[in-house]
Amino acid sequence: MAWPWLHLCICLQIPGFYTTLLLAQTPGHILTQTSNKTEILCDLKKEHTGVYWYRWSQERQQFQFLLFSNTMGRATYGPGVSQDKFSVHEARSQSSYSLHISHLQPSDSGIYYCSAFQSSQLLLGTGTQLSVVDVLPPKTTQTPVSKKPPPRTTKRKAASREGPCSPLVWIPLAAAVLLLLLSLVPTAYRLHRLRRRLRLRIHRQ
């Protein structure tokens, strides 16, 4: 099964290889935990003879041919590829295929590509980055910061804080003294008139 490798190498080395909307691969990223399972969807827009699946290993820095699935549902696996781990199923019709990967391990991490051979052209998907970890990172949620209103200070508290020299204290006192003085003016004037009358009577006698 060396010829699928040859197609992929030629396809990646030629600038402007046939990557078009004739083939769509989803999702772009998968983050999952050890021992779980996942799937990658490959949707083809034209007639084809089957779908190839490859994996790019970042640790080994090389491509690995996983399997080829034809339109009849028959699969041909690459050397050393476990049939219990990898399987291909028709998603909706003969134009959509999904790669199922089970019993995931960190060594399964990599970039997975689906491809199809059409009219002497090799269509290549955009790739799916699969990351398998032992423990998923916790989801970080930002709690909204509650804005507390400033504390309300009553007039009584404000007066006690500012002390006896506060305008709130001496202004009412000054007004009361002024009113008291104004109320004493008529009384003083009357007393002055009475004293004058008494003096006049005394002089007449």
> Across the stretch 57-107, what is the number of residues that are open to solvent by less than 30 Å² (accessible area, probe 1.4 Å), free of Cβ contacts under 8 Å to residues at least 40 places away in the same chain, over 23 Å from L22 (Cα atoms) and of a type outside the set (F, W, Y)?
Replying inline: 1
> Is there any pair with a first residue in the stretch 124-138 that is closer than 14 Å to H103 by Cα and a second that is open to solvent by 40 Å² or more (accessible area, probe 1.4 Å) and of a type in the set (S, T, Y) whose Cβ atoms are under 9 Å apart and which are 6 or more apart or on different chains, and what are they?
Replying inline: V132/S107
>> Would you confirm whether or not the stretch 114-121 contains a residue that is under 33 Å from the mean Cα position of the chain (by Cα) and more than 16 Å from Q64 (Cα to Cα)?
In response: no
>> Against the condition open to solvent by 30 Å² or more (accessible area, probe 1.4 Å) and not aliphatic (A, V, I, L, M), how does G50 come out, does it pass?
In response: no
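Could you list, in sequence order, all residues of the stretch 116-130 that are assigned to a strand (DSSP E or B) and open to solvent by less than 40 Å² (accessible area, probe 1.4 Å)? Outline the logic, then answer.
Filtering the stretch 116-130 down to residues assigned to a strand (DSSP E or B) leaves 116-118, 121-124, 128-130.
If the condition is that a residue be assigned to a strand (DSSP E or B) and open to solvent by less than 40 Å² (accessible area, probe 1.4 Å), then A116, Q118, L122, L123, L124, T128, L130 are the ones that fit.
Out of the stretch 38-83, which residues are of a type in the set (V, I, T) and under 16 Å from T128 (Cβ atoms)? Give the derivation first.
Residues of the stretch 38-83 that are of a type in the set (V, I, T), as a first pass: 38, 40, 49, 51, 71, 76, 81.
Passing the criteria: T38, I40, V51.
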> Among the residues of the stretch 32-47, which ones are hydroxyl-bearing (S, T, Y) and either touching a Gly at 6+ places or on another chain (Cβ under 6 Å) or open to solvent by 80 Å² or more (accessible area, probe 1.4 Å) (or both)?
Replying inline: S35
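The values are calculated or read from the model by the stated rules, or taken from the named source; none is laboratory data. Please read these numbers as outputs of a predicted model, since none were measured by experiment. Quick reminder, even Gly has a Cβ in these numbers, built from the backbone with ideal geometry, and neighbours come from all protein chains shown. Surface areas here come from the heavy atoms of the whole protein model, side chains and all, with no ligands, DNA or RNA. Shrake-Rupley method; radii C 1.70, N 1.55, O 1.52, S 1.80 Å.
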